[in-house]
There are 2 protein chains.
Amino acid sequence: MGNVVYLSGGVGGARLAHGIAKAVDAEHLAIVVNVGDDFTHWGLSISPDLDTVMYTLADLADVERGWGLQDETFHALSMMQRYDAETWFQLGDRDLATHVLRSRWLREGLTLTKVTARLCHALGIAPRVLPASDTPCATMIDTAGGTLTFQDWLVRDRARADVKRVWSRGEPRPSPALLEALDRADTVIIGPSNPYVSIDPILRVPGVRERVAARRTVAVSPIVHGKAVKGPLARMLQTLAGAEPSAAAVAQHYGTLLSGIFVESGDEAAIHDVAVGAGGTVMQTRAQSLSLAHEVLAFADTLPSHRAR
Amino acid sequence: MGNVVYLSGGVGGARLAHGIAKAVDAEHLAIVVNVGDDFTHWGLSISPDLDTVMYTLADLADVERGWGLQDETFHALSMMQRYDAETWFQLGDRDLATHVLRSRWLREGLTLTKVTARLCHALGIAPRVLPASDTPCATMIDTAGGTLTFQDWLVRDRARADVKRVWSRGEPRPSPALLEALDRADTVIIGPSNPYVSIDPILRVPGVRERVAARRTVAVSPIVHGKAVKGPLARMLQTLAGAEPSAAAVAQHYGTLLSGIFVESGDEAAIHDVAVGAGGTVMQTRAQSLSLAHEVLAFADTLPSHRAR
């Protein structure tokens with residue numbers, strides 16, 4: 001399979017990242033993570049998807065809850081409540097250490113790429129974990145009631161409002177390491193993350209989409225038997241693409257970017273114009289993550305390794 | 001007793017602050033706190049004495065341990081350990097909320113005085129708590145082995161090195177509220193804190209020493225029967241003043257700044273040139289703090305309310 005670049009959002013993407021990191025030698029793997037959800041809270045720089053991927057790779061993630069660390073406590077949060085600070089975004093005590101260190105290093109002038117490398121190194125994570133951008137590029141959600149940042153829309157307002165449009169604010173800037181990883185990649189795997197709010201923000205970073213389009217690129221469908229495994233994707237496909245939620249709608253969304261799509265067995269129907277692989281894509285255990293990683297990589301290897309542009 | 005200004009360092013000073021705050025109406029009391037111990041740790045702005053006073057006044061302090069909050073946990077610290085961050089200064093999880101908020105508000109441009117007022121308000125603390133300075137003025141410790149910041153000397157290096165000199169780095173700047181409180185004060189009480197590293201740094205703030213000298217000023221001795229109740233003061237009196245630790249040595253240190261000194265019963269000997277009051281000065285309980293506060297205030301009221309300069 002050569003060099004692999006894996007594009008990831010939060011939970012679902014992070015689970016497959018765990019399998020991919022076991023299946024591919026660290027020196028041949030770069031994991032590129034969405035930073036469109038990044039925001040400032042309590043004056044700290046929070047990178048939810050980077051943290052989910054990092055904690056998952058380090059076997060520290062709370063898999064049940066879907067975010068944060070295992071055995072987490074929330075004592076700082078309870079004190080914040082006393083101080084009348086905002087508490088809708090629940091930062092755990094151990095998690096807070098990550099945000100405090102990241103914020104400090106960013107203020108000292110380190111890039112987010114360098115900060116992430118330091119944190120990952122300390123947690124014993126072998127493959128490169130690369131933020132999609134070294135500059136802020138918040139994912140913005142236009143709704144009938146106005147424009148919201150992603151966290152305000154999803155977490156604070158619990159995704160109540162229908163989404164009219166998703167876009168990136170700011171000027172995303174890829175790290176040299178990210179562009180180099182894509183240039184060297186033989187295969188790009190797009191994780192089973194929300195295309196609109198996890199993957200598209202990565203693809204909007206200058207230089208990324210055209211490089212992905214030039215590689216052998218396989219997406220793993222986040223829609224299984226017409227439902228999103230987690231999160232608001234099913235509704236977004238309906239309101240944004242006017243499509244019933246399906247793996248086919250995901251394939252259509254990515255269009256010619258893909259060499260192939262890997263879907264849950266039984267979801268192959270109505271997918272045209274792109275190669276289809278199928279298997280079990282729902283990951284509850286690490287063994288399932290690893291097994292899916294092997295299947296997806298094997299599927300990718302059946303596709304031509306270079307593409308006509 | 002009119003308007004009271006109380007000068008305080010950490011633990012001992014904070015305990016008497018608790019009694020003073022019960023004995024004096026909030027609108028007639030200002031508690032001025034040393035900020036020479038303030039430092040930056042994990043990129044956060046830490047004000048140890050302000051926090052000890054604040055937590056003590058809010059009945060949240062861990063009185064047994066002498067610092068931090070009751071029922072504190074240290075999960076963020078354990079994560080910092082994983083990240084190979086410095087862990088010699090133990091910040092608790094709930095304590096961290098204070099530092100995160102303070103750091104954020106300072107970065108947003110609020111003065112330390114305003115930040116402290118916000119925190120105290122949220123914790124339901126009635127009297128004004130005023131940092132001695134709104135600008136950094138770190139207490140520096142000259143030792144045979146070189147110059148250290150106060151926290152490095154006391155906490156990191158456990159006060160191993162003898163102290164040659166204590167001084168303040170930076171340009172301390174008093175808040176208008178502090179100068180106004182001193183101008184309106186009828187009585188200044190100097191808490192049973194370390195004169196060298198808790199009170200002198202307050203007195204070195206421009207405008208403070210001369211105002212204190214012009215008021216009816218009573219110090220409470222931190223030396224009881226030749227011993228410091230807590231901390232390195234006994235040794236500092238020996239190396240810095242060449243004096244055996246005693247209430248008399250404390251009186252001599254403050255000199256003409258004082259109208260009177262309040263000491264442990266039996267420690268009156270060898271104190272000349274200044275009025276002496278005596279009683280029980282060791283505070284283990286809130287009742288003892290309140291009782292000492294009443295005794296000290298009553299003693300002050302026996303002294304002339306205006307001084308010849």
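The values are calculated or read from the model by the stated rules, or taken from the named source; none is laboratory data. These numbers come from a predicted model, not from an experiment. Every residue, glycine among them, receives a Cβ derived from its backbone with ideal geometry; neighbour counts consider all protein chains shown. Ligands, DNA and RNA are excluded from the accessible area calculation, which covers all protein heavy atoms including side chains. Shrake-Rupley method; radii C 1.70, N 1.55, O 1.52, S 1.80 Å.
Comparing mean-square fluctuations of B:GLY277, B:GLY207, B:GLY19 from a GNM of chain B with C-alpha springs under 10 Å, the top value falls on B:GLY207. Candidates A:LEU257, A:SER246, A:THR98 compared by Cα position along the dipole of chain A: farthest toward the positive end lies A:LEU257, with charges placed on Cβ.
When chain A is turned onto chain B, its residue with the beta carbon nearest the axis, and that distance in whole angstrom, is A:ASP93, 2. Label-point spacing for B:ARG286 across the identical copies (point 7 Å from Cα in the Cβ direction), in nm and ascending order: 5.0.
Within 10 Å of the Cβ of each residue in A:75-87, the mean number of Cβ atoms contributed by other protein chains is 6.
For the peptides A:129-136, B:57-64, the ranking by packing is A:129-136, B:57-64, with the highest mean count of neighbouring Cβ atoms within 10 Å listed first. When only Cα pairs below 8 angstrom with a gap of at least 6 residues are kept, the stretch A:118-248 shows a relative contact order of 21 percent. A simple charge model with +1 on the Cβ of Lys and Arg, -1 on the Cβ of Asp and Glu and nothing else charged puts the dipole of the protein assembly as shown at about 900 debye relative to its Cα centre.
Once B binds A, the 1.4 Å probe can no longer reach about 2600 Å² of accessible area, counting both sides. Accessible surface for the protein assembly as shown, divided over its residues, is 40 Å² per residue with a 1.4 Å probe. Just the protein heavy atoms count here, and of the accessible area of the stretch A:213-280 at 1.4 Å, carbon and sulfur take up 50 percent. Of the DSSP H helices in chain B, those with a Cα length along their own long axis of 20 Å or more and a mean Kyte-Doolittle hydropathy reaching -1.0 comprise B:93-107, B:286-301. Relative to the Cα centre, the charge distribution of the stretch B:120-169, modelled as +1 at Lys and Arg Cβ and -1 at Asp and Glu Cβ, gives a dipole magnitude of about 60 debye. Label points for B:THR135 are taken 7 Å from Cα along Cα→Cβ. From this copy to the others they lie 3.5 nm apart, shortest first. Post the alpha-carbon centroid distance, the stretch B:9-47 to the stretch A:84-136, in whole angstrom. When both Cα centres are located, 33 Å separates them. Looking at the stretch B:15-171 alone, DSSP beta bridges between its own residues are antiparallel in about 75 percent of cases.
Accessible surface comparison of A:THR285, B:THR116, probe 1.4 Å, protein chains only, largest first: the order is A:THR285, B:THR116. A dipole drawn for the protein assembly as shown from +1 and -1 charges on Cβ atoms has a positive end, and of B:THR281, A:TRP67, B:PRO176 the residue lying farthest that way is B:PRO176. Averaged over peptide B:62-73, the number of partner chain Cβ atoms lying within 10 Å of each residue's Cβ comes to 1. The overall shape of the stretch B:1-153, judged from the alpha-carbon gyration tensor, is prolate: a/c is not under 1.5, and a/b is greater than b/c. Sorting A:71-78, B:300-307 by their mean Cβ neighbour count within 10 Å, with the most densely packed peptide first, gives A:71-78, B:300-307. Across the identical copies, the label point of B:SER265 (7 Å from Cα in the Cβ direction) is separated from its matches by 8.9 nm, in order from shortest.
Sort the protein assembly as shown into rounded, prolate or oblate with this rule: let a ≥ b ≥ c be the square roots of the eigenvalues of the Cα gyration tensor; rounded if a/c is under 1.5, and if a/c is not under 1.5, prolate when a/b is larger than b/c, oblate otherwise. Taking the square roots of the gyration eigenvalues as a ≥ b ≥ c, the protein assembly as shown is prolate. I'd like the distance separating the alpha-carbon centroids of the stretch A:66-80 and the stretch A:179-196, in whole Å. About 32 Å separates the Cα centre of the stretch A:66-80 from the one of the stretch A:179-196. Taking every alpha-carbon pair under 8 Å whose residues sit at least 6 apart, the stretch B:69-195 reaches a relative contact order of 19 percent.
Each peptide among A:138-150, A:263-275 gets the average number of other Cβ atoms lying within 10 Å of its residues, and from highest to lowest they stand as A:138-150, A:263-275. Shape of the stretch B:25-115 from the C-alpha gyration tensor: oblate (a/c of 1.5 or more and a/b not above b/c, with a ≥ b ≥ c the square roots of its eigenvalues). Once neighbouring chains are kept in place and the probe is 1.4 Å, which whole percent of the accessible area of the stretch B:1-154 is contributed by carbon and sulfur? The C+S portion of the solvent-accessible surface of the stretch B:1-154 is 48 percent. Each Cα pair under 8 Å and six or more residues apart adds its separation to the average, and for chain B the resulting relative contact order is 21 percent.
Which value, in debye to the nearest 20, gives the size of the charge dipole of chain A about its Cα centre, when Lys and Arg are +1 and Asp and Glu are -1 at the Cβ? Walk me through the numbers before you get to the answer.
Numbers: 30 positive and 34 negative charges, 93 e Å.
Magnitude of the dipole: close to 440 debye.
Using heavy atoms of the protein chains and a probe of 1.4 Å, the accessible area assigned to A:GLU27 is about 130 Å². Separation of the stretch A:253-279 and the stretch B:213-243, taken as the distance between their Cα centroids, equals 79 angstrom.
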